[in-house]
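Each remark here refers to the structure printed beneath this line.
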Amino acid sequence: MERAVCQHHGIDLPAINVVGTALRTAEAPGVIEGCFAGPAFALRRRLDGGYTIAVPGYGRVELAPQNLRHSVKFRTMFRSKLNKKLKIRVGSSFFNGPEASAAWNDGDKTPFEKCRILDPRPDTEWLSRAVRNIAGVFPELANVRIAHAWAGAIDTTPDLMPIISKIAAKPGLVIASGFSGHGFALGPGAGLLTSQLVTNEAPQFDLGPYKLERFSDGTALHRPEMM
């Protein structure tokens with residue numbers, strides 16, 4: 001959604017939504033008490049006796065005008081993940097929702113009012129893969145029952161690095177976006193740096209790697225290796 005707002009104000013924010021899938025199980029045998037990451041799966045014990053499970057890095061990109069607009073900048077990421085972890089599909093977001101268009105006039109009903117909640121469908125392929133992967137490590141969970149599955153949109157940049165940046169063309173505007181699935185891990189430090197930019201304090205760290213201009217000024221971008 002941030003990129004639609006930025007585009008509306010003439011700012012190019014290269015980001016796409018990668019739809020990730022997760023699930024929770026019914027009550028299951030206790031094989032761990034905390035968190036565990038194994039071959040192409042991650043799980044966390046729940047208080048209700050089940051597990052929250054995901055397949056890290058696997059996801060879906062739905063083709064839509066906003067995504068197609070930045071597809072050239074994402075070609076390296078697509079090449080590195082397309083055959084293994086990333087599915088590209090045409091979905092309803094091509095016509096509906098904030099990814100469909102950023103063209104509206106001030107005073108019009110915005111895309112954010114038309115689509116108040118992002119609730120993408122989960123990918124059953126990833127659910128089945130996660131259960132199979134877990135059974136290979138924990139045979140006790142081979143017959144685990146999926147109680148509920150959901151999906152969420154991960155705001156993702158071409159190099160899978162966040163954008164924490166002032167915008168010279170719009171004095172007073174600070175962007176903190178594109179955390180590419182690492183928001184919880186980076187949240188405390190990113191929040192501090194963002195607050196320092198907003199209050200015009202000197203940042204504690206070099207924000208050069210996170211500047212928005214890196215996607216347009218010829219900066220050599222890191223090859224994306226995680227998501």
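Quick check on SER195: is it farther than 29 Å from GLY59 by Cβ, outside any loop (DSSP other than H, G, I, E, B) and of a type in the set (S, T, N, Q)? In short, yes.
Note on the stretch 188-218: residues that are open to solvent by 60 Å² or more (accessible area, probe 1.4 Å) and more than 23 Å from the chain's Cα centre (by Cα) total 10. The residue list ILE175, ILE146, ILE163 contains one member that is in contact with a Cys (Cβ under 9 Å, 6 or more places away or on another chain) and modelled with pLDDT of 90 or more, which is ILE175.
Looking across the stretch 198-222, the residues that are part of a loop (DSSP other than H, G, I, E, B), under 16 Å from VAL174 (Cβ atoms) and among the hydrophobic types (A, V, I, L, M, F, W, C) come down to ALA202, PHE205, LEU207. Scoring ALA185 on the criteria (1) touching a strand residue (DSSP E or B) at 6+ places or on another chain (Cβ under 7 Å); (2) part of a helix (DSSP H, G or I); (3) open to solvent by 70 Å² or more (accessible area, probe 1.4 Å) leaves a single failure, condition (1). Listed residues ASP108, ASP119, ASP155; which is surrounded by 12 or more Cβ atoms within 10 Å (Cβ to Cβ), at negative phi and acidic (Asp, Glu)? Only one candidate passes the filter, namely ASP155.
Table: residues versus (1) modelled with pLDDT under 90; (2) surrounded by 15 or more Cβ atoms within 10 Å (Cβ to Cβ).
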| position | (1), (2) |
| --- | --- |
| MET1 | yes, yes |
| HIS8 | yes, yes |
| ILE16 | yes, yes |
| ALA26 | no, no |
| GLY30 | no, no |
| PHE36 | no, yes |
| LEU47 | no, no |
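Based on what the data block shows, is GLU113 closer than 30 Å to GLY10 by Cβ, part of a helix (DSSP H, G or I) and modelled with pLDDT of 75 or more? Judged against the criteria, GLU113 is a match.
Set side by side, the residues ALA151, ALA135, ALA147 differ, and just one is in a strand (DSSP E or B), more than 22 Å from VAL18 (Cβ to Cβ) and of a type in the set (A, V, I, L, M), which is ALA147.
So how many residues does the stretch 158-182 have that are part of a loop (DSSP other than H, G, I, E, B) and open to solvent by 40 Å² or more (accessible area, probe 1.4 Å)? Residues flagged as part of a loop (DSSP other than H, G, I, E, B) and open to solvent by 40 Å² or more (accessible area, probe 1.4 Å) within the stretch 158-182 amount to 9.
The values are calculated or read from the model by the stated rules, or taken from the named source; none is laboratory data. All values reported here derive from a predicted model rather than from experimental measurement. Don't worry about glycine lacking a Cβ; one is built from the backbone with ideal geometry, like all the others, and counts go over all protein chains shown. Surface areas here come from the heavy atoms of the whole protein model, side chains and all, with no ligands, DNA or RNA. Shrake-Rupley method; radii C 1.70, N 1.55, O 1.52, S 1.80 Å.
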